[in-house]
Amino acid sequence: MSVTDKIAARLPRVMDRGERPPVVAAVRLHGVITPQSSPVARNTINLQNVESAINRAFDNERLIAVALLINSPGGAPTQSALIAERIRELATKKHVPVLAFCEDVAASGGYWLACAGDEIYAHGTSLVGSIGVVSAGFGLNGLLDKAGVERRVYTAGENKVRLDPFQAEKPEDVEWLKSLHADLHEQFRAWVTERRGAKLKSEEDLFSGEIWTGTRAQQLGLIDGIGTIRTVIAKRFPDAELTIAEPRKPLLAKLGLTGASTRSGDLVTQVLASVEERARWSRFGL
């Protein structure tokens, strides 16, 4: 055998040794879904925070699938929709499947995000669903009266200050809010129906805002199976390398320091946002 033949015979083995495994890229979507991040709150989800991680996950030349690691009690419907639409846009462009994994909670907007997946998995003890719409606030008009403070607001347009927390609640404003909720609820329902289709069971009202364990959610067709990212990926893609794409945070945000946090008005807003975030998690015992 010539020297050339000997080299050629060895080439396949050399190339095999240099081959890299396919990749399943996972994106963490953890926290309350809100348009604004707060340095005093826990993790938050919005398109600005997570888009870089989503883009990195889909921008891998060895990509065979993307996994979504979801742990969210919900939040802003628009941010939920924007993130889900971006995921679907990239999945279509890259021609790769998306698998969603519900961790402790995938409720309300968290379940909206899960429906961006072609398949949805959860642990048997996960809390899944809450397909509904909610808004909450505080009535502070009595507090101002006790403090002897008079608030003055001037508007052009009779509906400019609907549901102002410093004014007495008006029945017509409540009716307006209910109609807004109904519209958003219908859009949520349409998204779930579009994504889950014939998998959904009709034995219960799935759009009542109720929440179920992962085990029951599978029976109702809200998820496809019980499993974790490790077990499912090992079975579906045994040769794949699993990577995690974390949302990038500015250094000051990591330290809980921002320019806005030094202003008393913004600090009060952030503290109230933190309280509301805590309330969203506490609904699920977390």
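The values are calculated or read from the model by the stated rules, or taken from the named source; none is laboratory data. For clarity, every value in this text was computed on a predicted model and none was experimentally measured. When we count neighbours, we look across all protein chains shown, and the Cβ atoms used for this are built from the backbone with ideal geometry, even at glycine. Quick note on the areas: whole protein, heavy atoms, side chains included, nothing else; ligands and nucleic acids left out. Shrake-Rupley method; radii C 1.70, N 1.55, O 1.52, S 1.80 Å.
When all protein chains stay in place and ligands, DNA and RNA are ignored, the 1.4 Å accessible-area order of Thr92, Thr213, largest first, is Thr92, Thr213.
The residues Ser202, Ser135, sorted by heavy-atom accessible surface at 1.4 Å with ligands and nucleic acids left out, run Ser202, Ser135 from largest to smallest. Using a probe of 1.4 Å on the protein chains alone, the accessible area found for Leu127 is around 40 Å². Residues in region 102-252 average 61 Å² of solvent-accessible surface per residue, probe 1.4 Å, ligands and nucleic acids excluded.
Using a 1.4 Å probe on the protein heavy atoms only, what accessible surface does Thr34 show? Give it in Å² to the nearest 10. Spelled out: Thr34, probe radius 1.4 Å, area about 30 Å². For region 77-92, the Karplus equation 6.51 cos²θ - 1.76 cosθ + 1.60, evaluated at θ = phi - 60°, returns couplings of x, 5, 5, 4, 5, 4, 5, 4, 5, 5, 4, 5, 4, 6, 4, 5 Hz by residue, with Gly and Pro reported as x.
Carbon-plus-sulfur accessible fraction, region 95-237 (probe radius 1.4 Å, protein heavy atoms only): 53%. Measuring between their Cα centroids, region 178-213 and region 72-122 lie 15 Å from each other.
For region 112-126, backbone phi angles converted through the Karplus equation (6.51, -1.76, 1.60; θ = phi - 60°) give residue-by-residue couplings of 4, 5, 4, 6, 6, x, 6, 9, 10, 10, 8, 6, x, 9, 4 Hz, Gly and Pro being listed as x. Stretching Ala147 away from Ser52 to a fully extended chain increases their span by 29.5 nm, per 0.36 nm per residue minus the current alpha-carbon distance.
Put Asp205, Asp59 in order of accessible area, highest first, and with a 1.4 Å probe you get Asp59, Asp205.
Note on Lys94: accessible area approximately 80 square angstrom, rounded to 10, probe 1.4 Å, nucleic acids and ligands left out. Using the Cβ-Cβ distance between Lys160 and Thr228 with R0 set to 45 Å, the FRET efficiency from 1/(1 + (r/R0)^6) comes to roughly 0.35.
Dipole orientation for region 123-185: of the candidates Gly132, His181, Gln167, Gln167 has the Cα lying most toward the positive pole (charges on Cβ; Lys, Arg +1; Asp, Glu -1).
The Cβ shell under 10 Å around Trp176 holds other residues with a net charge of 0, Lys and Arg each +1, Asp and Glu each -1.
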